[in-house]
Every structure is written in C-alpha cells, then in structure tokens.
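A short worksheet on the structure shown next.
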Amino acid sequence: MFINVKFAPSMVGSDHDLKQSSVVVIDTLRATSTIIAALMAGAREVIAAATIEEAVAISHRLGTERTLLGGERGGLRIKGFHLGNSPGEYTPEVVHGKTIVLTTSNGSGALLKARQAAQTLCGALLNASAVARHLAAGGTREVLLLCSGSGGNVSLEDSIAAGAILAELLAVQDSESVTISDGARIALWLFNECRNDLHAALRASEHGKVLTELGFAHDLDYCAQLDIPNAPVPAFAGSSIKVQQSGPTGPTAARFV
C-alpha cells in the first residue's frame, strides 16, 4: 500500500489519476465532521453541492419535503438554508430520514473533486480508526488522504486528522507492505506532536480561531474528539454520500460535548 497526503485540493494536479486510488477527503472543521454527525443522527444521505444555486436546484429536484439545505459561507449559515455547517445542528429530531444537500466553502468542493476516485470516503478525527480499518480490510493499494484546507491554503486541523488516519493505518497494516510519501510523514509527525491535546491544537489553528470568534467554540470541542463510538465511514454511493461501514447508527449514536 502506498499512502500519500495532499494538504489542499490544488495540490492534486491534472496528471493525478484518482481512478486508481482510494481517496479520503478530510475537512475536520467542519464539513466531513458534520457529514459524520448527520449520518449518525439518521440522515438518509448527504449530497455535496459546489454552489448555493446548485444546492437549491438539487433540493427542488428531489423534493423540498424530503430534503434539508445545509451549509455555510464565511463560517455562517447561508441565508434561507435550514442548517449551517455546525455538527450540533444535525440532531435526530431534525435530520432523521432526510436527504441533506450540503454546500460549504471548502469541504464540498474537495469531495466533488475526488468523486472520480476508485472510492471516495469522508474522514475526520471522529472516525480516523474506522476509516483506517476500512481501507486495510479492502486491500487498497493506493491511498490519498486529501485535506480540504481553507481558502486554498494548508490547514492545521486537516493535516492533523490525516496524520491520525495514517497512524492507525500503520498500526493495522504489515509495515513492510506500506510505503508513505514525505507529505504523509509530515502529517504523521504533526499528529504525534498534537495527539495529547487535540482540542488545543484545533483551537490554535487559524480556522479554529475564526470559528471561535464567530461563536462556534463548541464545534471545535466536538470535532477534536478522536474515534467517537460507532463512527461511520461515509462514502460516495453514486451521487450521494451514505454510510459505507455497517454498524450501530441512528438517533442514539451521535455524541456531542
């Protein structure tokens, strides 16, 4: 298995053939963490949309009675949308049985960029071990951990989460069968430096500071949790994102702090 890390979608050039790779898209603060929370709370599926207009069009096409619009621009809920990009909003009472159409500043674009991959998964600190076990069990030969970043730049929180997934992969794989890139080594080193206080690391990140100023410090507390119980592995299934890994999910599975 060859494991690579790209710290922003812009680092994936046109010469990258993602069709041969398993890609894990990481947007710790907050899109992939929110997708995990939504599916754990019983959402039927999540559909990523690149723009606000596209999200609204998808909702109307599928039926507004069965869909909820979620997402943010500048960290704040989009005007007229039902939900923002805060995991705590995606409760069973709100999302159970619903299709979530999600558009965010960074994460949804990264997910759509990776759709051409052999498989596209959603990763975060919340499900790092579950993602690693899924990749190891599937006999994947080439893994790309793709960080969404922030505004096209590298983000501390996504790099740490990539390192967390990599650390678990190395723990469950035969070390002689794994080769990692320099980018992967950087992510692994960063995670090991921060693993004893992930909350502090996320609070110190640029985007963490922005979210705190906007009043979303509670989101950092939730997203900094490593390997929450029953965390699913969301994956693209056709045009939507659904739970890839079987296991207990539903209204009682989500845990917020």
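Scanning the range 1-25 for residues that are basic (Lys, Arg) and buried (at least 18 other Cβ atoms within 10 Å of the Cβ) yields one hit, Lys6. Kindly indicate whether Arg203 is over 21 Å from Asn230 (Cα atoms), in contact with a helix residue (DSSP H, G or I) (Cβ under 9 Å, 6 or more places away or on another chain), in contact (Cβ under 8 Å) with a residue 40 or more places away in the chain and of a type in the set (Lys, Arg). Taking the combined requirement at face value, the residue does not satisfy it.
Residue pairs whose Cβ atoms lie under 6 Å apart, separated by 6 or more positions or on different chains, with the first residue in the range 219-237 and within 18 Å of Glu89 (Cα to Cα) and the second part of a helix (DSSP H, G or I) and of a type in the set (Gly, Ala, Ser), are Leu220/Gly208; Cys223/Ser33; Ala231/Ala130. Have a look at Ala204, Ala217 and point out the one that is over 19 Å from the mean Cα position of the chain (by Cα), surrounded by fewer than 24 Cβ atoms within 10 Å (Cβ to Cβ), at pLDDT 95 or above and of a type outside the set (S, T, N, Q). None of the other options fit; the residue is Ala204.
So that you can scan it fast, the table gives a plain yes or no per residue for (1) surrounded by fewer than 24 Cβ atoms within 10 Å (Cβ to Cβ); (2) within 22 Å of His16 (Cα to Cα); (3) in contact with a Ser or Thr (Cβ under 7 Å, 6 or more places away or on another chain); (4) modelled with pLDDT of 95 or more:
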position: Lys113; (1), (2), (3), (4): yes, yes, no, no
position: Thr120; (1), (2), (3), (4): no, yes, no, yes
position: Leu126; (1), (2), (3), (4): no, no, yes, yes
position: Ala137; (1), (2), (3), (4): yes, no, no, no
position: Thr140; (1), (2), (3), (4): yes, yes, yes, no
position: Gly151; (1), (2), (3), (4): yes, yes, no, no
position: Glu157; (1), (2), (3), (4): no, no, yes, yes
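Among the residues of the range 167-190, those identified as within 17 Å of Ala8 (Cα to Cα) and part of a helix (DSSP H, G or I) are Asp182, Gly183, Ala184, Arg185, Ile186, Ala187, Leu188, Leu190. Please pick out the residue among Leu190, Leu170, Leu166 that is of a type outside the set (Val, Ile, Thr), within 29 Å of Met1 (Cα to Cα) and in contact with a Phe, Trp or Tyr (Cβ under 9 Å, 6 or more places away or on another chain). Leu166 is the lone residue from the list that is of a type outside the set (Val, Ile, Thr), within 29 Å of Met1 (Cα to Cα) and in contact with a Phe, Trp or Tyr (Cβ under 9 Å, 6 or more places away or on another chain). Contact annotation: residue pairs with Cβ atoms under 6 Å, 6 or more positions apart or on different chains, pairing a residue in the range 75-89 that is under 12 Å from Gly215 (Cβ atoms) with a partner that is among the small types (Gly, Ala, Ser) and in a loop (DSSP other than H, G, I, E, B), are Arg77/Gly84. Within the range 59-111, the set of residues being surrounded by 19 or more Cβ atoms within 10 Å (Cβ to Cβ) and hydrophobic (A, V, I, L, M, F, W, C) comprises Leu68, Leu69, Ile78, Phe81, Leu83, Val95, Ile100, Val101, Leu102, Ala110, Leu111. If the condition is being in contact with a helix residue (DSSP H, G or I) (Cβ under 7 Å, 6 or more places away or on another chain), hydrophobic (A, V, I, L, M, F, W, C) and either surrounded by fewer than 24 Cβ atoms within 10 Å (Cβ to Cβ) or at positive phi (or both), then the range 167-179 contributes Ala167, Val172, Val178.
The values are calculated or read from the model by the stated rules, or taken from the named source; none is laboratory data. Fair warning: this is a prediction, and the values are worked out from it, not measured in the lab. Because the Cβ atoms are built from the backbone with ideal geometry, glycine has one as well, and the counts that use them run over all protein chains shown.
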